[in-house]
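The values are calculated or read from the model by the stated rules, or taken from the named source; none is laboratory data. Treat the numbers as computed from the prediction; the structure is a model and nothing was measured. Don't worry about glycine lacking a Cβ; one is built from the backbone with ideal geometry, like all the others, and counts go over all protein chains shown.
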4 protein chains.
Amino acid sequence: MRVAISTGGGDCPGLNGVIRAAVLRGILEYGWEMVGITDGLEGLISGQGLVPLTVDDVRDIHGQGGTILGTTNRGNPFRYRVRDGGQWVEQDISGHVIHNARSAGIDAVIFVGGDGTQEIAWRLAGLGLQVVGVPKTIDNDLLATDYTFGFDSAVETVVEALDKLRTTARSHDRTMLLEVMGRHAGWIALHSGIAGGADVVVLPEIPYDPEVIHRHLQARRESGIAYNIVVVAEGAFSRSGSASILQQAGTGTVARLGGAGDELARQLSALGDYELRVTVLGHLQRGGTPSSTDRVLATRFGAAAVGLVANGQFGRMVCLRGDTIESVPMADVAGRQKHIGLDSQLLQTARSVGICLGDERVD
Amino acid sequence: MRVAISTGGGDCPGLNGVIRAAVLRGILEYGWEMVGITDGLEGLISGQGLVPLTVDDVRDIHGQGGTILGTTNRGNPFRYRVRDGGQWVEQDISGHVIHNARSAGIDAVIFVGGDGTQEIAWRLAGLGLQVVGVPKTIDNDLLATDYTFGFDSAVETVVEALDKLRTTARSHDRTMLLEVMGRHAGWIALHSGIAGGADVVVLPEIPYDPEVIHRHLQARRESGIAYNIVVVAEGAFSRSGSASILQQAGTGTVARLGGAGDELARQLSALGDYELRVTVLGHLQRGGTPSSTDRVLATRFGAAAVGLVANGQFGRMVCLRGDTIESVPMADVAGRQKHIGLDSQLLQTARSVGICLGDERVD
Amino acid sequence: MRVAISTGGGDCPGLNGVIRAAVLRGILEYGWEMVGITDGLEGLISGQGLVPLTVDDVRDIHGQGGTILGTTNRGNPFRYRVRDGGQWVEQDISGHVIHNARSAGIDAVIFVGGDGTQEIAWRLAGLGLQVVGVPKTIDNDLLATDYTFGFDSAVETVVEALDKLRTTARSHDRTMLLEVMGRHAGWIALHSGIAGGADVVVLPEIPYDPEVIHRHLQARRESGIAYNIVVVAEGAFSRSGSASILQQAGTGTVARLGGAGDELARQLSALGDYELRVTVLGHLQRGGTPSSTDRVLATRFGAAAVGLVANGQFGRMVCLRGDTIESVPMADVAGRQKHIGLDSQLLQTARSVGICLGDERVD
Amino acid sequence: MRVAISTGGGDCPGLNGVIRAAVLRGILEYGWEMVGITDGLEGLISGQGLVPLTVDDVRDIHGQGGTILGTTNRGNPFRYRVRDGGQWVEQDISGHVIHNARSAGIDAVIFVGGDGTQEIAWRLAGLGLQVVGVPKTIDNDLLATDYTFGFDSAVETVVEALDKLRTTARSHDRTMLLEVMGRHAGWIALHSGIAGGADVVVLPEIPYDPEVIHRHLQARRESGIAYNIVVVAEGAFSRSGSASILQQAGTGTVARLGGAGDELARQLSALGDYELRVTVLGHLQRGGTPSSTDRVLATRFGAAAVGLVANGQFGRMVCLRGDTIESVPMADVAGRQKHIGLDSQLLQTARSVGICLGDERVD
């Protein structure tokens, strides 16, 4: 049995833990030959990037960020971008991928990636490739699983940043805005805002009203506290109808003048006399050594993916439900995001300890 | 409404997060007066240790380890140790505690503590005190809740230690044994062993055979790897019938010559030629700033405890089930520990990636 | 004897260590009364911000970032901004400061701050105030001292960020640019670039040529390495004469379109096909718990400042020379920055291990 | 030119930084061929452990603890232990080492190690081998250099432990003793004690009197503070003449019943009613990712060692003086340790902020 592993999409702490666990279990328990596909599917498309993965190759990689296989955000084989004469065109090269996999004697592929990757895997399955999936999104916004690895590490990075900003905020009586990842869902912002003791958290799920935030901060000032910690998900936007500039920029119609953090800073500046500072964490949230929580989850996912292959449960993706690793059909994953419910317990908790979410509820 | 908070038993990262959340919600949402009882119940017993807890008092304490209220491992009011003439005797001073609570106008007490504390709280409830509970055990061995705060931070501390020991182990071809907390249950050892890429993990739940471990390490050496990482729960013991010296010492009959880590080191030394080093993490696992996971859980528990009081659900303890905070009767908690099931998924995962658990299963 | 402490300018890890050491030594060794001036000199200007500093007040603050006294970047009493009718005007209120200090019975003031603060202190000394100084600059660019506290912590924060960016850079074959503090001197950039294994470091001291950097990165790519780590001091600029937009913005004539990191990214984009990502660390470099190195230095500075007061050595500032705390006249400090010498050993070391500094030297 | 690198003695954060810098400079600046000797000198003795070191081999290793070459505490070729019949005997195999080095075409060897390693290197130089040295001791007790890499990382590890123990100490009113490295010199204990805000620090340089420490802690208790942080260097001993049991154990005459931390705990227990807890950090101090300070120093040392080879300055060891890398004759290093001077400024600082050093001076 020859089983391949591919990591696709943005990198994420824990990817190496998945690879390591899959390789160890595949070899030690089942005696399979394990191979890695480099750079998403590029290694398979070119036919040049299939690398053997032995026990030695994955030794001690569980603590390293990134992926030893490399990854890419490009390379959907159903819409593969190639140069045709002077311009880029999209081609369907999926048949080529299937062919290369067969030529290489690959019996199954473990796809580690987000909903885009899982959809590609699912369509390749339709062409006859035996696939299983491991979910990956640092934003934790996949509906099929309670948590994804990488999320805990990202929250930890954000909370460390909040701890640092807090000391400056206090010393200078400043309002520090920290923009964090979360284009469509505010899991990172909400978890890190609660853990980091934020005063305000704005999320993609709840359009915010700058006036509400301003009143909240004014009330703090009147009680004698002149510093504030504000966590802004990158996909947050105000309810004025002017969606975040960042999101508009995505449509190509508006020049990017800054992200959601900058926008809220401008709005607050217009309302009051704040000493504002915006910090954008950006890629720092994706890198570095994974937290222990993410390492355990990555190990469980990697080992479970091998279990799916061993049991012939192709077309399924591993997931976490409660404290148990289960699996779901890949088809259930595509295009279904997990948002923070407006009446969810975690949101209520945030409100109950005084965090302003920027909406009109009486906090 | 005047609501008191008490923290009892060994300290644990996240205690301050519970206190902060309870105080914030109690004041901001319900307008209660919140007070703290210092040093477990000592402050109430003496009548001298009731301190007001305002929003200012709990500001920015969520990132601090320990408890601002102090704690103690002594002080069960049903068996309170007092000096009578020349010797210590135990008295039941529970009536005195109830009296002091009434005199101080305390309407309810939130007890944050382990099964010992919860049992005391439950018995005080029987005497008429309105109580709710928040579970606390760094070992994560309370049956009533999926996870307890402090556990994640402890695992993180252990994994950081394993990462450090690994570089030395590799450079010197050594076998590093790390003894971690877990007298009755091996949750810390198992989670950190998986996260830290341990080669061997021994747990209180599975009596180990030194020969099995020796053979596992010899097989590694034969494959060219001469360094090993071994995680030893303090309550682990070998199946030879000679329970861990540490445990015997608990009976007062055997002088303490070392813990479970030392014992396994002696056993391995007798079997082969190892360069062994034992490290005992001890109290380092209890201290320091809580992880973001623990801060979120502590906040949820603290806020939920206030919810129980607000709803008059006395005699109940908050708990985590899946991703939801619920509550259980305190009576259900006492004396019921949560052990790692021998067929649990997590144990299987550990075996499947090649971790030796010291038993005779073919790994 | 009544001795006051003031912390001025931007905050910096280690300020609390200075305060703690000065208070402890002043009280324990000399029996003085120690007081803190809040928010730079604001507490003295208003007369409302003199707070007693006891041993209890400074207990365990050495590990906290920021300053318990607060600080401000405003408030030069020789050019104090006050509202006169509808507009802001500057007034010399130094006489008022001296008067308030005398009224409060203050015998000496320890000024902890950068060259601006030291100059103010020096001028107040000219009006009869007994002052001593403790240097503070996170940028390490004060000529009078080998190192300043806060610098090591800032470098550590940058290196942690570089470690995180590296894993992403490798996994995605990206060029990660990290903009760090250092408007006039590149100490943070150079130290963190060496420690973090950067491929390119650009500094205010060496105008860079984007072409040189491009050629360096192309050579890397030709040798098979497609990811790069670039550290950009915020004050770095290219030699084309177009000084960094950030610096121009300081004159108020150019709208800020981004910092030095964005500029270099634009320049590289124009030269080649890079997958570039810019991260700006900003205030994260100022906050958080100080490194052990900074805690030791802060303690030494604080204790030594008390020694200067005890010996009547007013008008002097403590400094580090080699491994010894010494002192210099405050007058020597003002306006004299410490830049990285173009032939300094550290620069040579950077070049010798292959770091491109953006100039035309054959690297 | 073919230049070899050897790392000997106990491991130490920064070793890989030295290797990386030497390899990069040797190849990039001088075009040499660089090779590594595995496991101290073992690779050269066996002739089987000479590994090429290319730019690729040292990529991104600067952040890893340990040494990619391996190390050993055994293997002095002048007293090499070999089996002769049934027992171990010592042989002088230095001629064999020289022969193997010549056969392998090695022009010079960079020895990274402590005074033992430097002495071996010096003696091999006497036999005709061209050698240069890089000092390594985590204890910072080499006379020839102001600081050694690894020391700062070790202190950082100790201070993080102290920060963790402090929260427990406060919450439980305990006296936490932390035993740290430093058999002959107390640099780690003194630096970490100052940085970590210890109340008592005991060092090998100052025999302590348990009564003095007891009185110091009693005075604290009388002022209302019932928790204490005590840092104990492993080589500390009381002045009663009963040298530390650990040291006696070194002579083989006394069974090891514990280290210096345990001894002080016993002594304090005999004097008063303390809630004592002893933690021994042990190997945790040697492992893990090096601090930025150590990474910079390691890079400078590695690059400078190549400079010595390039200039034909054999028989010399690089060192740090003030902020400059210099070199000294290896012969000056052997057997000359750097102790903390009893009137050193750093000791005075410790006393001046109230740290008890266990001697009779009025603190």
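Only one of these conditions is not met by D:Glu360: (1) of a type outside the set (A, V, I, L, M, F, W, C); (2) within 18 Å of D:Ser238 (Cα to Cα); (3) outside any loop (DSSP other than H, G, I, E, B). Which number is it?
(3)
Please pick out the residue among C:Ile106, C:Ile98 that is closer than 25 Å to C:Pro135 by Cβ, more than 14 Å from chain A (Cβ to nearest Cβ), touching a strand residue (DSSP E or B) at 6+ places or on another chain (Cβ under 7 Å) and not charged (D, E, K, R).
Of the residues listed, the single one that is closer than 25 Å to C:Pro135 by Cβ, more than 14 Å from chain A (Cβ to nearest Cβ), touching a strand residue (DSSP E or B) at 6+ places or on another chain (Cβ under 7 Å) and not charged (D, E, K, R) is C:Ile106.
Which number in (1) closer than 20 Å to C:Lys338 by Cα; (2) without any contact (Cβ under 8 Å) to a residue 12 or more places away in the chain marks the one condition that C:Gln118 misses?
(2)
How many residues are at pLDDT 95 or above and farther than 25 Å from C:Ala154 by Cβ if we restrict to the stretch C:46-58?
Of the residues in the stretch C:46-58, 8 are at pLDDT 95 or above and farther than 25 Å from C:Ala154 by Cβ.
Looking at the stretch B:278-300, I want the residues that are within 14 Å of chain D (Cβ to nearest Cβ) and under 19 Å from B:Arg166 (Cα atoms) and have a partner that is assigned to a helix (DSSP H, G or I) and among the charged types (D, E, K, R) with Cβ atoms under 8 Å, at least 6 apart or on another chain. Which pairs are those?
Close Cβ pairs satisfying both conditions: B:Val278/B:Asp262; B:Leu284/D:Lys164.
Evaluate the following for D:Leu297: is it more than 20 Å from D:His184 (Cβ to Cβ), out of contact with any helix residue (DSSP H, G or I) (no Cβ under 6 Å at 6 or more places or on another chain) and among the aliphatic types (A, V, I, L, M)?
For D:Leu297, the condition - more than 20 Å from D:His184 (Cβ to Cβ), out of contact with any helix residue (DSSP H, G or I) (no Cβ under 6 Å at 6 or more places or on another chain) and among the aliphatic types (A, V, I, L, M) - is met.
Scan the stretch C:319-345 for residues that are within 15 Å of C:Gln130 (Cα to Cα) and touching a helix residue (DSSP H, G or I) at 6+ places or on another chain (Cβ under 7 Å) and jot them down.
Correct list: C:Met330, C:Ala331.
Among the residues of the stretch B:30-57 satisfying the criterion of being over 25 Å from the mean Cα position of the chain (by Cα), part of a loop (DSSP other than H, G, I, E, B) and hydrophobic (A, V, I, L, M, F, W, C), which is nearest to B:Asn76 (Cα to Cα)?
Applying the filter and picking the extreme gives B:Leu53.
Which of the following residues is more than 22 Å from D:Gln337 (Cα to Cα) and either hydrophobic (A, V, I, L, M, F, W, C) or in contact with a Leu (Cβ under 6 Å, 6 or more places away or on another chain) (or both): D:Ile93, D:Ile110?
D:Ile93
Checking C:Asn140 against (1) at negative phi; (2) touching a helix residue (DSSP H, G or I) at 6+ places or on another chain (Cβ under 8 Å), which test does it fail?
So the condition that C:Asn140 fails would be (1).
Here's a check for you: in the stretch C:6-24, which residue that is within 24 Å of C:Asp92 (Cβ to Cβ) and modelled with pLDDT of 95 or more is farthest from the other protein chains (Cβ to nearest Cβ)?
For the stretch C:6-24, the residue satisfying everything is C:Ser6.
Name the residue, out of D:Val51, D:Val55, that is closer than 22 Å to D:Arg25 by Cα and touching a helix residue (DSSP H, G or I) at 6+ places or on another chain (Cβ under 7 Å).
Only one candidate qualifies: D:Val55.
Restricting to the stretch A:318-329, give me the number of residues that are in contact with an Asp or Glu (Cβ under 8 Å, 6 or more places away or on another chain) and away from every other protein chain (no Cβ under 11 Å).
2
Within the stretch D:10-34, take every residue that is touching a strand residue (DSSP E or B) at 6+ places or on another chain (Cβ under 7 Å) and buried (at least 24 other Cβ atoms within 10 Å of the Cβ) and give me the one that is nearest to D:Thr71 (Cα to Cα).
Filtering the stretch D:10-34 for residues that are touching a strand residue (DSSP E or B) at 6+ places or on another chain (Cβ under 7 Å) and buried (at least 24 other Cβ atoms within 10 Å of the Cβ), the one nearest to D:Thr71 (Cα to Cα) comes out as D:Leu15.
Any idea how many residues of the stretch D:195-213 are within 14 Å of chain C (Cβ to nearest Cβ) and touching a residue at least 60 places away in the same chain (Cβ under 8 Å)?
Number of matching residues: 3.
Kindly list the number of the only condition in (1) within 30 Å of B:Asp139 (Cα to Cα); (2) touching a residue at least 40 places away in the same chain (Cβ under 8 Å) that fails for B:Ser94.
Among (1) within 30 Å of B:Asp139 (Cα to Cα); (2) touching a residue at least 40 places away in the same chain (Cβ under 8 Å), B:Ser94 violates only (2).
Yes or no: D:Ile27 within 13 Å of chain B (Cβ to nearest Cβ), part of a helix (DSSP H, G or I) and under 18 Å from D:Ala305 (Cα atoms)?
When the stated conditions are applied, D:Ile27 does not pass them.
Suppose the filter is over 26 Å from B:Phe301 (Cβ atoms) and either β-branched (Val, Ile, Thr) or surrounded by fewer than 24 Cβ atoms within 10 Å (Cβ to Cβ) (or both); does A:Thr157 pass it?
Against the criterion (over 26 Å from B:Phe301 (Cβ atoms) and either β-branched (Val, Ile, Thr) or surrounded by fewer than 24 Cβ atoms within 10 Å (Cβ to Cβ) (or both)), A:Thr157 does not qualify.
Can you name the residue in the stretch C:167-194 that is touching a Gly at 6+ places or on another chain (Cβ under 6 Å) and small (Gly, Ala, Ser) and, of all such residues, is surrounded by the most Cβ atoms within 10 Å (Cβ to Cβ)?
Only one residue tops the list, namely C:Ala189.
Counting only residues that are surrounded by 15 or more Cβ atoms within 10 Å (Cβ to Cβ) and hydroxyl-bearing (Ser, Thr, Tyr), which one in the stretch A:83-125 is farthest from A:Tyr30 (Cα to Cα)?
Here the residue is A:Ser94.
Tell me which residues, restricted to the stretch C:55-74, are surrounded by fewer than 19 Cβ atoms within 10 Å (Cβ to Cβ) and more than 14 Å from chain A (Cβ to nearest Cβ).
Selection gives C:Val55, C:Asp56, C:Asp57, C:Arg59, C:Asp60.
Going by what's in this entry, would D:Val51 be described as more than 14 Å from chain B (Cβ to nearest Cβ), aliphatic (A, V, I, L, M) and touching a strand residue (DSSP E or B) at 6+ places or on another chain (Cβ under 7 Å)?
Yes, satisfied.
Taking the stretch C:135-183 as the region of interest, how many residues are at the interface with another protein chain (Cβ under 8 Å from one of its Cβ atoms), in contact (Cβ under 8 Å) with a residue 40 or more places away in the chain and among the acidic types (Asp, Glu)?
4
Just checking, how many residues over the stretch A:71-110 are in a strand (DSSP E or B) and under 26 Å from A:Ala303 (Cα atoms)?
The qualifying residues number 3.
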